[in-house]
Amino acid sequence: MAVNNKTKGGGVFFAAFWLFSFGAVAETEYEQKVVFDRVSLVIAAENNASPSSAMGHSFLKISGNGYEYAFSYYAVLNGAASYLKTLAGKAEGAYVLSPYSQKAAEYLLSENRSLWEFELDLNDAEKRLLKKRVKEKKNKQEAYSFVFHNCNTALENLLSSVNGDFKYHRKKPFTTPVEYAQFLYRQEKIRKISFIRSPVQKKEELKNILKAKPPSRLAIETGYFEFSPVYQDLRSVSDAYNAEMETKMLSFRFSIKDKARLDRLDLLTLFSVRSLSKYLRIGYEQGWLSEFGLGGGYRKNGFSVYALAVGGGRESRAFIGARAGIVQRFSDKAKLVLSYETATDKKTFSAYLGFALNERLELYVQYEHDHQEESVFGLALYF
């Protein structure tokens, strides 16, 4: 299918999503103006400036009779503690029906996130039933979980309630918005694909998300076992649709050298190489840690460089320091990642070289010098 590149204007839209609750659309307005002539799955590209958008966001676009609405499922977040609740599946979830123009402006202009639009193949009877199902969600209360019941899960359940062909029978407990779009494409449930580029990303390379690498990483190393249910990993040889971006949630690494023990845990890690680069990591490594960073980066033709001021707490001690790194991509076949950190508690150097064997397998070698020197060889499977 062809990808249509569109440009849309509009003013910048700033507002908390709960101002556009489902209840704000009166029942008579819903029956008369929310017309299900065309229904599309829309994916807003990930934005690791916020943990809630680190895996991207999916919502429905409902079009007909000159009106367009967006129907979404969100986590209601109030402070940093809310993010931990979403990991545990304890956060409050809310369904939101709002004018599509406002939602598009929010993503494209306020958050600088491009939009992929996939028009769904639904017959008239299915559209009528979907309209009824959306109305029923007005009084539903559903807990939100980043992993097990997120924006994509809610929409998948909604669509599969009108047509079982929209149900993704996965082999793992979660599906990202991009994975679900890839599934619908394979099932031939997509009629048309459109792309709306965020104005600030107009010079960046467009990558087809239907060809993105699977988001989960399972690695066997010399002395270690690692599992990362990530959407994007800085070490991945081939990118998803945003280059040099890293997101980890509930990622862990076990040492199997002498006896099995937890070597590293990433409850949440966010990083990207951009002109304004931000870094966040909350997890465990020889003790609980929280790290934060802010700096800058530069990317061009497969080469990236970044520098950050970092600080936080690890191993029960506060620290401040600086971190710098270089990323060199050799087509989609190999990738070199070098990083160095000097801080008040330690100095660390790391070198990583990965080779893509095929779309799902990568072979790599990594050298680290921290408290001691260590080299590992590994094989990573993306699924």
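Cross-link list Lys211/Lys333; Lys132/Lys172; Lys189/Lys211: which exceed 19 angstrom alpha carbon to alpha carbon? Working shown, then result.
Details: Lys211/Lys333 15 Å; Lys132/Lys172 30 Å; Lys189/Lys211 17 Å.
In this structure, Lys132/Lys172 lie more than 19 Å apart at Cα.
Using θ = phi - 60° and the Karplus form 6.51 cos²θ - 1.76 cosθ + 1.60, what ³J(HN,Hα) does each residue of segment 291-308 get, whole Hz, x for Gly and Pro?
10, 9, x, 8, x, x, x, 9, 9, 6, 6, x, 10, 9, 9, 8, 8, 9
GNM on the chain, C-alpha springs below 10 Å: top fluctuator among Leu262, Leu234, Leu159?
With Cα springs under 10 Å in the chain, the top fluctuation among Leu262, Leu234, Leu159 is at Leu262.
Dipole size in debye (nearest 20) for the chain around its Cα centre, Lys and Arg Cβ +1, Asp and Glu Cβ -1?
Values: 54 positive and 43 negative charges, 110 e Å.
The dipole of the chain has a size of about 520 debye.
With a point put 7 Å past each Cα toward its Cβ, work out how far Leu294 is from His169 in nm, to one decimal.
Inter-label distance under the simple model: 5.0 nm.
Rounded, prolate or oblate for segment 205-301? Axes are the square roots of the Cα gyration tensor eigenvalues, ordered a ≥ b ≥ c, and the cut-off for rounded is a/c under 1.5.
oblate
Sum -39500 (n - 2.57) across every DSSP H segment of at least 4 residues in the chain, then divide by the residue count to get the 222 nm mean residue ellipticity, nearest 500. Write out the running numbers ahead of the final one.
Details: 6 runs with 55 residues, N = 383.
Value at 222 nm, helices only, nearest 500: -4000 deg cm²/dmol.
Say the dipole of the chain comes from +1 at the beta carbon of Lys and Arg and -1 at that of Asp and Glu; which of Phe227, Tyr67, Phe166 then lies farthest toward its positive end?
Farthest towards the positive pole: Tyr67.
Classify segment 253-318 as rounded, prolate or oblate from the Cα gyration tensor: take a ≥ b ≥ c as the square roots of its eigenvalues, call it rounded if a/c is under 1.5, otherwise prolate when a/b beats b/c and oblate if not.
The shape class here is oblate.
How far is helix 177-186 tilted, in degrees, relative to the longest principal axis of the Cα atoms in the chain, given as a value from 0 to 90 rounded to the nearest 10?
Computed tilt is about 60 degrees.
State the Cα centre-to-centre distance between segment 341-383 and segment 290-313 in whole Å.
Using only Cα atoms to place each centre, the spacing works out to 18 Å.
Once phi is turned into θ = phi - 60°, what whole-Hz ³J(HN,Hα) does the Karplus curve with 6.51, -1.76 and 1.60 give for every residue of segment 262-268, x standing for Gly and Pro?
Values, residue by residue: 6, 9, 7, 9, 10, 5, 7 Hz.
Treating cross-link reach as a plain straight distance, find the lysines whose alpha-carbon is under 18 Å from the alpha-carbon of Lys137, omitting any fewer than eight places away in the same chain.
Result set, ordered by chain and number: Lys33, Lys61, Lys127.
Can you tell me the orientation of helix 151-160 relative to the chain, as the angle in degrees between its alpha-carbon axis and the longest Cα principal axis, to the nearest 10?
40
Could you please rank Met55, Met245, placing first whichever residue has the fewest other Cβ atoms within 10 Å of its Cβ?
Fewest-to-most ranking of Met55, Met245: Met245, Met55.
How large is the charge dipole for segment 213-382, taken about the Cα centre, if only the Cβ atoms of Lys, Arg (+1) and Asp, Glu (-1) carry charge, to the nearest 20 debye?
In debye, rounded to 20, segment 213-382 gives about 340.
Among Pro229, Pro173, Pro215, which one moves the most in a GNM of the chain with springs linking Cα atoms closer than 10 Å?
For the chain, modelled as a Gaussian network with Cα springs under 10 Å, the answer is Pro173.
Report ³J(HN,Hα) in whole Hz for each residue of segment 354-365, in order, from the Karplus equation J = 6.51 cos²θ - 1.76 cosθ + 1.60 where θ = phi - 60°; Gly and Pro get x.
For segment 354-365, the Karplus curve yields x, 10, 7, 7, 7, 5, 10, 10, 10, 9, 8, 10 Hz.
Run through the DSSP bridge list for the chain and note the antiparallel percent, rounded to the nearest 5.
95
Using alpha-carbon pairs under 8 Å, 6+ residues apart, how would you state the relative contact order of the chain in percent?
Numbers: 872 pairs, mean separation 43.8, N = 383.
The value is 11 percent.
Report the FRET efficiency, 1/(1 + (r/R0)^6), for Glu315 and Ser375, where r is their Cβ-Cβ distance and R0 is 25 Å, rounded to 0.05.
On the way: r = 23 Å, r/R0 = 0.93.
Using R0 = 25 Å, I get an efficiency of 0.60.
How high is the relative contact order of segment 118-190? Use alpha-carbon pairs under 8 Å, at least six apart in sequence, and give a whole percent.
RCO, segment 118-190: 40 percent.
How far apart, in nm, are the 7 Å Cα→Cβ label points at Ser255 and Arg191?
5.8
Just going by the charge dipole of segment 213-382, with Lys and Arg at +1 and Asp and Glu at -1 on Cβ, which of Leu361, Val310, Phe252 is farthest out on the positive end?
Val310
Of the listed values [x] 140; [y] 155; [z] 123, grab the one calculated as volume of the Cα convex hull per residue in Å³ from the structure here.
So the structure-derived entry is [x].
Set the Förster distance to 25 Å, then compute FRET efficiency between Asp124 and Glu27 from the Cβ-Cβ distance, nearest 0.05.
FRET efficiency, Asp124 to Glu27: 0.70.
Please give me the summed charge of the neighbours of His169: other residues whose Cβ is under 13 Å from its Cβ, Lys and Arg +1, Asp and Glu -1.
+2
Go ahead and collect, in residue order, the members of segment 87-123 whose backbone nitrogen is under 18 Å from a label point 7 Å along the Cα-Cβ direction of Gln141.
Output list for this probe position: 89-96.
Given H placed on each backbone N at 1.01 Å, which residues far from Leu268 in sequence or on other chains put an amide H within less than 5 Å of it?
Placed amide hydrogens put Leu250, Ile282 under 5 Å from Leu268.
Rule-based calculations on the coordinates, nothing more; no lab input. All figures in this text were calculated on a predicted structure; none of them were measured in a lab. Cβ: placed from backbone, ideal geometry, glycine included. Neighbour counts: every protein chain shown.
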